[in-house]
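What follows is a short report on a single structure.
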Amino acid sequence: MAIPKARVMSELVEPFRVRSRLTREEHTVRFSHLWVGIATRHSDTIDCKFLVDGRGVVVALAHPGFVEFRERTGRSLTDEETACLAAACLREHLEADRDLSGPYLPVSREEVLRLAEKLGFLR
């Protein structure tokens, strides 16, 4: 019996372009992968790595937001939904031309829930 191949993690979010509203600079963004930062960085986050114009940026989503999401909805966010949340956050950040000089973009519990609602995951 054959086991069907799973989708490649880097394909959870299609590559996209973002233009800064302030500078009009355009960025190319590619999703790479996600992992639990609790284990690797001893942080309370779910980390999603993107390549922004070829440079690695980690969107660090606060794990308490995931806990509250589960309490409110009775289900967990999927990997695909998590990657989409991180992509939406990164898009907003780049459109607003906010600083991305550090390796991590921290996202609070409140922001995780706001984005989940904005994307229609939190009903």
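Here, each number is a calculation from the coordinates, and none is a lab measurement. Owing to the predicted nature of the structure, the values given are computational and were not obtained by experimental measurement. Every residue, glycine as well, gets a Cβ built from its backbone with ideal geometry; the counts of neighbours run over all protein chains shown.
Observations, loosely collected:
- Net charge of the neighbourhood of Leu22, taken over other residues with C-beta under 15 Å away and scored Lys/Arg +1, Asp/Glu -1, is -1.
- Sequence-distant contacts, meaning Cα pairs under 8 Å at least 6 residues apart, place the relative contact order of the chain at 25 percent.
- Furthest towards positive pole of dipole, Thr28, His63, Thr82, structure part region 12-118, Cβ charges: Thr28
- Ordering Glu26, Glu111 from the fewest to the most neighbouring beta carbons within 10 Å gives Glu26, Glu111.
- Residue order, fewest to most beta carbons within 10 Å, for Ile38, Ile46: Ile38, Ile46
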